[in-house]
Amino acid sequence: MKTKLTYYGHSCFMLTRGDVSMIFDPFLTGNTWEKAKPEDIKCQYIFVSHGHADHYGDTDAIAKANDALVISTAEVAHKAEEAGCRAHAMHLGGKFDFEFGSVRIVPAFHGAGVPGGHACGVIVDFYGDIVYFAGDTAFFSDMKLLNRFGDIDYALLPIGDNYTMGVEDAALAASYVKARISIPIHYKTWPVIDREPGVFASLVEAKYNQTAVIVEPGSSIELNV
């Protein structure tokens, strides 16, 4: 059985293996890609990288409809609990085992979106598929250390610029992370982040001799095929 990755545009994607699904940064209402609605989502887990509205998004509605567990930093988990959701609080440097594998919270350099918090990325072991979701972040040199935790199969990296890394910085980040495949996210949702994923893919492949795959919003790929 293979894991499926479905991309909904912006930073929202879902991993599914059999009957188990985990959605990341479930911003669907107001997402200009309009590839799904909150009521379309069936999942057991929700990961939130930080508290900005275009990432926390529809967390509360999806969590309550599915009795899904919200996994995030302590401050964002508390926000979800205050809304009546089940949550598991973690923080930078922490790792925890779940039924599907494990979640390791890693740094991201960005605003938290909640008082006293910190934005984060995550390395998820989802039934043996190792996925690094950078969240919203600037490029930072310690990205080259992330693979010390183990080989990363897929890295999802923001390329939109203005709020996060742009195309060139994201390609450099890919060269540091050294995932088997890098996937661009967080682009074209609004004009201010209107960047071309094809340019990112070309840079990753031509300049750094690594592999990039563009997952079109609304589409899915099977991992490690």
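Each reported figure results from applying straightforward, stated rules to the coordinates on display, with no laboratory input. Here the structure is a predicted model, which means the values were calculated and not measured. Cβ placement follows ideal geometry from the backbone for every residue including glycine, while neighbour counts extend to all protein chains displayed.
For the chain, with only Lys/Arg (+1) and Asp/Glu (-1) charged at the beta-carbon, what is the dipole magnitude about the Cα centre, in debye rounded to 20?
400
May I ask you to list the residues of the range 56-92 whose amide nitrogen lies under 19 Å from a point 7 Å from Cα along the Cα→beta-carbon direction of Glu39?
Those under the cut-off are 58-68.
By a straight-distance test (C-alpha under 21 Å), which lysines pair with Lys79 as possible cross-link partners, with residues fewer than eight away in the same chain excluded?
Cα-Cα hits under 21 Å: Lys64, Lys95.
Hey, could you get me the Stokes-Einstein D for the chain, Kirkwood radius over alpha-carbon pairs, 25 °C and 0.890 mPa s, rounded to whole µm² s⁻¹?
D = 144 µm²/s.
Length gain on complete extension for the stretch Asn162 to Ala83, per 0.36 nm per residue less the alpha carbon to alpha carbon distance?
Length gained between Asn162 and Ala83: 25.4 nm.
Taking the highest mean first, how do the peptides 46-53, 199-206, 184-191, 216-223 order by number of other beta carbon atoms within 10 angstrom per residue?
46-53, 184-191, 199-206, 216-223
Straight distance only, please: which aspartates and glutamates reach the Cα of Lys207 with their own Cα at less than 13 Å, same-chain residues fewer than 8 apart left out?
Glu168, Asp169
Could you tell me the calculated FRET efficiency between Thr32 and Val213, based on Cβ-Cβ distance and R0 = 22 angstrom, to the nearest 0.05?
Result of the calculation: an efficiency of 0.45.
Which aspartates and glutamates, on any chain, are close to Lys2 with Cα under 16 Å apart, when same-chain ones fewer than 8 places away are left out?
Candidates past the 8-residue exclusion: Asp19, Asp125, Asp129, Asp153, Glu222.
Fully extended, how many nm does the chain gain between Lys64 and Val199 (0.36 nm per residue separation, minus their Cα-Cα distance)?
Details: separation 135, 0.36 × 135 = 48.60 nm, distance 3.90 nm.
Residue separation times 0.36 nm, minus the Cα-Cα distance, leaves 44.7 nm.
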